[in-house]
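In what follows, a structure is listed as C-alpha cells, so that the remarks can point back to it.
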Amino acid sequence: MPPPPSNHDESSEVLAAQARAGSKPAFAELVARYEAPLFNFLLMRVRTAEDAEELTQDAFLRAWRKLDLYRSEWKFSTWLFTLARHLAASRQRAAPPATVGDEAAEAMCLRPDPSGALADTEERANLWSLAERVLTPDQRSALWLRYAEDRTVTEIAQILGRNGTAVRVLLFRARASLGRHLDPASKAAAVRPVTSGACGVIATDPSSNPRGSRPTVS
C-alpha cells in the first residue's frame with residue numbers, strides 16, 4: 001500500500017484551502033510552518049515570552065475559526081500575521097507599555113528556524129535586546145519582518161496596516177536609531193549581509209548605503 005500523500009510540499013495557500021474545507025492535517029502543517037515565526041513576531045509587540053506564546057495559540061485558534069473568511073488569492077502568512085497583530089493590539093490596550101528584557105530577547109533567538117547560524121545567537125540576541133529598549137513596537141515589528149522573515153515592504157505594510165511609504169520610514173528610522181546606540185564593535189557586526197531566518201542581522205551603518213543617505217528598501 002502506498003504511503004499517504006504528504007502535506008509538506010503543498011503551498012501554504014493550498015493547505016489553507018484544504019483546512020477551510022475541513023482538513024485538520026492541513027491546518028496542523030500550517031501550525032508547524034508558522035508557529036515559530038509567529039511567536040517571534042508577537043514577541044516584538046507584547047511584554048513577555050509567555051504573552052507571545054499565549055497569543056500565538058490564540059492566533060491559530062482564531063485562524064481556524066475564521067478560515068471561512070480566508071480567500072485563496074491572499075498570501076496565508078500575511079493573513080495570519082495580520083490577524084495576530086490585531087490580537088496583540090487588543091492585549092496591549094489592556095496592559096502597560098511593553099518592555100521586553102534580556103530573557104525575552106534570548107527567546108527570540110532560541111526559537112528560530114534551526115538552520116540559522118547558532119554561533120551568532122548571543123550577538124544577535126544582544127542586538128534585538130537593544131531594539132526592545134530603543135524602538136517602538138511597530139519599528140521592531142517592521143525590522144523583524146524585513147530582516148528575520150525576509151518579508152517585502154508590501155507584505156509588511158499589509159501586516160502592520162500601513163502603506164509602503166510608512167513602512168520604509170519605520171525601517172529607516174529604526175535602523176538610524178539602532179545605529180546611534182550601537183558601540184563600534186556591535187555596529188560592525190550588524191552590517192554583515194542579511195540572510196532569511198529568525199534573528200536576522202540588521203544593517204544600521206550609513207556606510208552600507210552607497211550614497212550614505214536613506215537606504216533603499218526592496
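Nothing in this text is a laboratory measurement; each read-out follows from the coordinates by a stated rule. This is a predicted model, so every value here is computed, not measured. When we count neighbours, we look across all protein chains shown, and the Cβ atoms used for this are built from the backbone with ideal geometry, even at glycine.
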task: Can you tell me the FRET efficiency between residue 134 and residue 61 if r is taken as the Cβ-Cβ distance and R0 is 30 Å, rounded to the nearest 0.05?
output: 0.35
query: Taking all pairs of different Cα atoms in segment 9-78, averaging 1/r and flipping that mean, what Kirkwood radius in angstroms comes out?
result: 12.5 Å
query: Taking 0.36 nm per intervening residue step and subtracting the Cα-Cα distance, what contour gain separates residue 48 from residue 93 on full extension?
result: 14.7 nm
statement: So for R0 = 41 Å, FRET eff. of residue 165-residue 9 from the Cβ-Cβ r, to 0.05, ends up at 0.65
